[in-house]
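See below for the structure under consideration.
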Amino acid sequence: MFRHIVLLSFTEGTTGEDVSAIVDALHTLPERVPTIRQYVVGTDAGLAEGNADLTAIADFDDQAGYEVYRDHDAHQQVITELIKPRLAGRTATQFEL
């Protein structure tokens, strides 16, 4: 298995509706990207200052499956149309399980 984890922080002024639209769009990706084996998306519980606003964890059979997801048109559309306009910061990692 190959895991991808991304933490997103949004710009000031990003609304709850904006975040919900991002979460909803991300939740459509497992139906659209065949290499995704497991996909979890969640927003921060607000328990500590400085946390990221949203986390996505995606599992794939292998690195090639991740690369299909990374470059997939549906994933890139969510990034371009919904995430980038509100993005203040991003941290990610990928690793073998």
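All of the numbers you see were taken from the coordinates with simple rules; none came from a lab. Keep in mind it's a predicted model, so treat the numbers as computed, not measured. Every residue, glycine as well, gets a Cβ built from its backbone with ideal geometry; the counts of neighbours run over all protein chains shown.
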Fill in the blank from the handout: A correct Karplus calculation of ³J(HN,Hα) over the stretch 4-13, with 6.51 cos²θ - 1.76 cosθ + 1.60, θ = phi - 60°, whole Hz and x for Gly and Pro, returns 10, 10, 10, 10, 10, 10, 9, 5, 4, x
Practice task
With springs connecting C-alpha atoms under 10 Å apart, model the chain as a Gaussian network and identify which of Asp71, Asp18, Asp59 has the largest mean-square fluctuation.
Solution key: Asp71
Handout entry: Most mobile listed residue (Ala52, Ala64, Ala25) in the chain, GNM with C-alpha springs under 10 Å
Key = Ala64
Problem - Dipole magnitude of the stretch 7-92 about its Cα centre (Cβ charges: Lys, Arg +1; Asp, Glu -1), debye to nearest 20 - result: 100
Practice task
Would you calculate the volume per residue, in Å³, of the smallest convex hull containing every Cα atom of the chain?
Solution key: 93
Exercise for the section: Compare the Cα positions of Gly42, Thr93, His75 along the charge dipole of the chain (+1 at Cβ of Lys, Arg; -1 at Cβ of Asp, Glu; about the Cα centre) and return the one farthest towards the positive end. Expected result: Thr93
Completion exercise
Going residue by residue through the stretch 25-39, the Karplus relation 6.51 cos²θ - 1.76 cosθ + 1.60 with θ = phi - 60° gives ³J(HN,Hα) values, rounded to whole Hz and with x marking Gly or Pro, of 5, 4, 5, 7, 5, x, 6, 9, 10, x, 7, 6, 9, 8, 9
